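Chemist: The structure under discussion is supplied below as structure tokens; questions concerning it will follow.
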Amino acid sequence: MKLFGRRDGGDAPFRWLVVGLGNPGSSYAGTRHNVGEDVVRVLAQRRGDALRAGRDQALVAESRIDDERVVLAFPITYMNESGRSVAALVRRYRIDDPAHLVVVHDELDLPPGTVRVKVGGGLAGHNGLRSIAQQLGTNDFVRVRIGVGKPPSKERGASHVLSKLRGAERELLDVAVAVAADAVATIVTDGPDAAMRDVNARG
């Protein structure tokens, strides 16, 4: 399915789509798996905007980052079906370049609290990213990865990402969420390379 590379009827008002991944519902809020949701909520709050239910199985805020008009979205499909919502949003908002799609997600392969920016490449076994790549027919979108660390064992992988965080670890991820929100803003205003230079050099 080819969604990028064309516009239907003139310029689209929104050049950027920022998607935070997670699972819907209060039982998943505040878990490692929902740090992407946390980032888009922070970005909306900074502008005084609210995420509201839309037609594309997502909570959406039409916002701005500096002079750029940006769609902030949290798919309310479950993680492994995120691509259906993202593809619908790409069509609705006529995002014509995968480089203007930013996906924020948790990353087991990074230490807790680490933030990294990446363009394209492998999906690291992440079900949300896999669903998006399948639906869009490309991996060439921008990712903002928030480290949540590896589980103690493979058998405890699900409980690791779906457990709610408290205390020092919650504080660590709250800092990472703010850093990731700053990274998204830099991507939109100055491009992914500038965000990578700023964020990826940090320890």
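Chemist: Which helices, taking whole DSSP H runs in the chain, have alpha carbons extending 27 angstrom or more along the helix axis plus mean Kyte-Doolittle at least -1.0? Walk me through the intermediate numbers first.
Modeler: Details: long enough: 167-190 (34 Å, 0.91).
Those that clear 27 Å and a mean of -1.0 are 167-190.
Chemist: Give me the percent relative contact order of the stretch 16-199, please, defined on Cα pairs under 8 angstrom at least 6 residues apart. Walk me through the numbers on the way to the answer.
Modeler: Numbers: 392 pairs, mean separation 48.3, N = 184.
Across the stretch 16-199, relative contact order equals 26 percent.
Chemist: Give the calculated FRET efficiency between Ser27 and Glu169 to the nearest 0.05, with a Förster radius of 25 Å applied to their Cβ-Cβ distance.
Modeler: Working: r = 19 Å, r/R0 = 0.74.
Computed FRET efficiency for Ser27 and Glu169 comes out at 0.85.
Chemist: Per 5 Å bin from zero, what fraction in whole % of the C-alpha pairs of the stretch 1-113 is there, up to the bin with the longest pair?
Modeler: 2, 12, 23, 24, 19, 12, 6, 2, 0
Every number here is computed from the coordinates shown, using simple stated rules; none is lab data. Keep in mind that this is a model prediction, so the values were computed, not measured. Don't worry about glycine lacking a Cβ; one is built from the backbone with ideal geometry, like all the others, and counts go over all protein chains shown.
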